[in-house]
Amino acid sequence: MTDGPRVVSLAPSATATLGAMDAADLVVGVTTHCDLDRSVVGGWLNPDVDRLADLDPDVVCTCDDLQREIRDDLDDEGFDVVHTEPTTLDETLDSFETLGEAVGRPDAGERLVADARRRLDRVASHVEDRGRPVVYCEEWSDPPMAAGNWVPDAVEAAGGNYPFVDAGERSREVSASTVAAADPDHIVLHICGHGQRVDPERVESRGWDLDADVHVLDDSLLNQPSPRLVDGIETLAERLHGVIPTAR
């Protein structure tokens with residue numbers, strides 16, 4: 001560890017964002033869902049406050065409305081909590097700066113946003129003169145749920161058309177008839193908590209009468225409001241429109 005605030009991250013997105021801005025050296029504790037080798041203080045929705053306190057953090061990171069109660073409880077316990085709750089792509093990028101400021105590395109947060117916007121501009125240039133295929137993104141399969149929040153923005157940024165949920169709205173259950181009526185060209189399975197361990201045949205096994213290419217993406221590429229979302233947009237653009245030319 002280096003000089004700076006001691007950070008406990010209770011959100012995988014915050015952990016990934018801090019890592020992307022080269023601030024992982026500040027992190028002393030994480031949850032079981034975080035991809036960083038640090039002391040574990042429990043799960044995303046059930047952290048062990050005693051373990052957290054033992055790490056003596058200067059900053060605790062939480063994210064999403066599902067962690068509001070945890071944030072409030074930790075505030076009441078006297079912890080300094082930085083809470084982000086992005087629901088769109090722009091808000092996700094804004095959260096990078098929020099985290100950078102919270103851990104004393106505002107320049108790193110700003111650089112991360114600038115890099116993300118540069119990459120998104122490159123994708124936009126790649127897809128601007130191409131058709132916009134209809135894309136159905138499934139975040140959960142039992143029951144089938146069309147992904148919301150920032151995913152509609154991600155599909156738009158990747159050069160697709162997403163008629164299922166408006167950006168910023170929560171994911172919602174969809175029927176076979178609703179999906180069929182939209183006549184998707186592509187189906188993207190990014191099932192929460194499953195990584196890439198998803199059988200694409202699950203769509204056909206439902207008996208849905210669709211003529212669409214089925215893609216399985218690691219769920220962190222679309223479900224996590226971190227720089228992984230930019231990776232996801234690039235990956236999705238490649239699936240929809242071919243390989244993105246390397247920046248010169």
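Residue by residue, here is whether (1) within 22 Å of Val198 (Cα to Cα); (2) in contact with a helix residue (DSSP H, G or I) (Cβ under 8 Å, 6 or more places away or on another chain) holds:
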| site | (1), (2) |
| --- | --- |
| Val113 | no, yes |
| Ala116 | no, yes |
| Ser125 | no, no |
| Pro133 | no, yes |
| Glu139 | yes, yes |
| Ala154 | yes, yes |
| Val165 | no, yes |
| Glu173 | yes, no |
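For Glu234, the criteria (1) acidic (Asp, Glu); (2) open to solvent by 50 Å² or more (accessible area, probe 1.4 Å); (3) assigned to a helix (DSSP H, G or I) hold in every case but one, which is (2). Looking at Val188, Val135, just one residue is over 16 Å from Arg119 (Cβ atoms), at pLDDT 95 or above, touching a Cys at 6+ places or on another chain (Cβ under 9 Å) and of a type in the set (Val, Ile, Thr), and that residue is Val188. Among the candidates Leu66, Leu89, the residue that is under 23 Å from Glu169 (Cα atoms), modelled with pLDDT under 95 and out of contact with any Ser or Thr (no Cβ under 8 Å at 6 or more places or on another chain) is uniquely Leu66. Would region 42-50 turn up any residue that is over 27 Å from Asp107 (Cα atoms) and in a helix (DSSP H, G or I)? Among the residues of region 42-50, at least one is over 27 Å from Asp107 (Cα atoms) and in a helix (DSSP H, G or I), which makes the answer yes.
To keep it simple, each residue is scored yes or no on (1) within 20 Å of the chain's Cα centre (by Cα); (2) assigned to a loop (DSSP other than H, G, I, E, B); (3) surrounded by fewer than 21 Cβ atoms within 10 Å (Cβ to Cβ).
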position	(1), (2), (3)
Val60	yes, no, no
Leu66	yes, no, yes
Gly78	no, yes, yes
Glu91	yes, no, yes
Gly100	yes, no, no
Gly109	yes, no, no
Arg117	yes, no, yes
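Go through region 1-26 and give me each residue that's part of a helix (DSSP H, G or I) and either modelled with pLDDT under 95 or touching a Lys or Arg at 6+ places or on another chain (Cβ under 6 Å) (or both). Scanning region 1-26 gives a single hit, Ala16.
Among the residues of region 119-139, not a single one is of a type in the set (Gly, Ala, Ser), assigned to a helix (DSSP H, G or I) and within 15 Å of Ser226 (Cβ to Cβ).
Among the residues making up region 29-56, those that are surrounded by 13 or more Cβ atoms within 10 Å (Cβ to Cβ) and within 26 Å of Glu91 (Cα to Cα) are Gly29, Val30, Thr31, His33, Cys34, Leu36, Trp44, Leu45, Pro47. Of all residues in region 146-167, those satisfying the criterion of being open to solvent by less than 50 Å² (accessible area, probe 1.4 Å) and not in a loop (DSSP other than H, G, I, E, B) are Ala146, Val151, Pro152, Asp153, Ala154, Val155, Ala157. Being touching a Phe, Trp or Tyr at 6+ places or on another chain (Cβ under 8 Å) and within 10 Å of Ala11 (Cα to Cα) is the filter here, so list the residues in region 33-72 that pass it. Listed by number, the residues that qualify are His33, Val60, Gln67. Residues of region 163-201 that are closer than 23 Å to Trp44 by Cα and out of contact with any Gly (no Cβ under 6 Å at 6 or more places or on another chain): Gly168, Arg172, Leu189, His190, Ile191, Cys192, Gly193, His194, Gly195, Gln196, Arg197, Val198.
The values are calculated or read from the model by the stated rules, or taken from the named source; none is laboratory data. Only a predicted model underlies this, so the values are computations on that prediction, with no experimental measurement involved. When we count neighbours, we look across all protein chains shown, and the Cβ atoms used for this are built from the backbone with ideal geometry, even at glycine. What goes into the accessible areas is simple: the full protein's heavy atoms, side chains included, and nothing from ligands, DNA or RNA. Shrake-Rupley method; radii C 1.70, N 1.55, O 1.52, S 1.80 Å.
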